[in-house]
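Enquirer: Sharing a structure, written as structure tokens. Questions coming.
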Amino acid sequence: MSSTLMATDGLELLASAVLLLDPQGRIVYVNPAAENLLESSCKILIGQKLEELFSNGELLAALFQQALAHQFDDVRQDLILERFGRESLWVDSITTALDHAATPVLIELRENVQQLKLEREERLMDQSQVNKELIRNLAHEIKNPLGGIRGAAQLLELELPERHLKELREYTQVIIKEADRLQTLVDRLLAPHRLAHIVGDVNIHEVCERVRSLIVAEFPVGLTIKRDYDLSIPQFRGDKEQLIQAVLNIAHNAAQALSERIQAGDAELIFQTRVLRQVTLSKVRYRLALDLHIIDNGPGIPVDIQERIFYPLVSGREGGSGLGLTLAQTFVQQHMGVIECESQPGCTDFRVLIPLP
């Protein structure tokens with residue numbers, strides 16, 4: 001046992017997850033990185049077999065048996081490990097046969113970040129397409145009867161008896177005003193599908209500066225806006241007004257989420273631009289891409305809606321329409337790009353990626 005412990009001393013510091021298995025395929029050691037990756041403590045993991053960790057654990061179990069039989073020294077594979085009741089893990093695995101009786105096999109797992117990113121982007125694209133169809137159909141279903149309701153209320157108002165006109169007109173006006181409010185909502189839902197795509201040369205810093213001036217005008221005190229621009233970013237072909245609206249929707253949401261910090265006087269919003277090289281967006285490889293970050297130091301997005309913030313009518317703010325981020329994602333995707341988000345208390349980072357020429 002002491003030799004096993006000695007062999008694991010250096011494994012504690014590795015960033016990749018390491019599992020040591022006994023001849024029966026049971027885990028006898030996991031390093032801290034494995035505990036983090038598998039979201040379980042060593043006390044829970046030690047003694048378990050691979051089949052007990054993953055619903056498709058037979059994939060790793062087969063590699064274990066081959067290593068145990070010394071069919072190879074080590075073998076690498078990309079695997080999707082399906083966990084019970086949790087999100088699947090995309091990993092690069094290395095199975096190594098060891099010359100050690102107590103722990104004859106070592107398995108190393110490294111999370112495949114690139115594959116996770118591709119899967120997330122694909123999910124966003126699929127979700128966006130579903131959203132578009134849902135919004136378009138829902139908006140048209142609402143729009144047609146809405147006009148009839150408003151027209152009927154106007155006709156009813158004309159037929160009201162003079163002696164009760166004042167008190168009854170109040171009710172018909174409620175109907176008309178609410179119909180107008182819903183009409184405005186429907187128009188916003190349909191806007192990205194109806195407006196023409198006006199293409200021209202776009203300077204992303206002009207877009208950011210336009211948005212910055214609008215935010216400063218609305219929140220002149222208590223909010224500091226910092227700029228961290230890479231001025232070497234080239235112009236690209238796109239719809240400037242759509243991109244202004246997309247960035248404004250993100251920045252305005254951030255400013256509203258910063259309300260408490262604005263009152264305290266320490267609210268901060270950062271516009272940061274960079275160039276990324278060799279980027280894959282929607283399964284297409286681009287030589288260059290714009291990497292725009294809009295970062296705030298607010299309370300963060302509630303965990304329960306982080307995966308759904310780009311869905312229509314999902315809002316983390318009371319009174320929010322839940323359309324701003326949906327429209328922003330739609331506008332950016334029309335430029336072959338995508339918006340990603342990472343959020344925790346004290347830092348929310350919206351990342352806009354768009355291909356560059």
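Enquirer: Expressed as cubic angstrom per residue, what is the convex hull volume of the alpha carbon set of segment 2-111?
Expert: It comes to 90 Å³ per residue, whole-number rounded.
Enquirer: Rank-order 226-239, 156-169 by packing density, defined as the average count of other C-beta atoms within 10 Å over each peptide's residues, highest first.
Expert: My ranking of the peptides, most packed first, is 226-239, 156-169.
Enquirer: Going by amide H atoms built from the backbone, whose H comes under 5 Å of the H on TYR286, apart from near neighbours?
Expert: VAL279, THR280, LEU281
Enquirer: Kindly write out, for segment 340-350 in residue order, the coupling ³J(HN,Hα) from the Karplus curve 6.51 cos²θ - 1.76 cosθ + 1.60 (θ = phi - 60°), rounded to whole Hz, with x marking Gly and Pro.
Expert: Result, ordered by residue: 10, 8, 10, 9, 8, x, x, 7, 10, 10, 8 Hz.
Enquirer: With θ set to phi - 60°, apply the Karplus curve 6.51 cos²θ - 1.76 cosθ + 1.60 along segment 285-291 and write out the HN-Hα couplings as whole Hz, x wherever there is a Gly or Pro.
Expert: Here the 3J(HN,Hα) series is 8, 10, 5, 9, 8, 6, 10 Hz.
Enquirer: Taking amide H atoms as placed 1.01 Å from N in the peptide plane, list the residues 5 or more away in sequence, or in a different chain, whose amide H sits under 5 Å from that of ASN112.
Expert: Those lying under 5 Å, H to H, from ASN112 are TRP90, VAL91, ASP92.
Enquirer: Further question: Go through segment 222-239 residue by residue and turn each phi into a ³J(HN,Hα) via Karplus (6.51, -1.76, 1.60, θ = phi - 60°); whole Hz please, and just put x for glycine and proline.
Expert: For segment 222-239, the Karplus curve yields x, 10, 9, 10, 9, 10, 10, 9, 9, 6, 7, 5, x, 5, 9, 7, x, 9 Hz.
Each value in this text was obtained by applying a stated rule to the coordinates, not by laboratory testing. Keep in mind that this is a model prediction, so the values were computed, not measured. All Cβ positions, glycine included, derive from the backbone under ideal geometry; neighbour counts span all protein chains shown.
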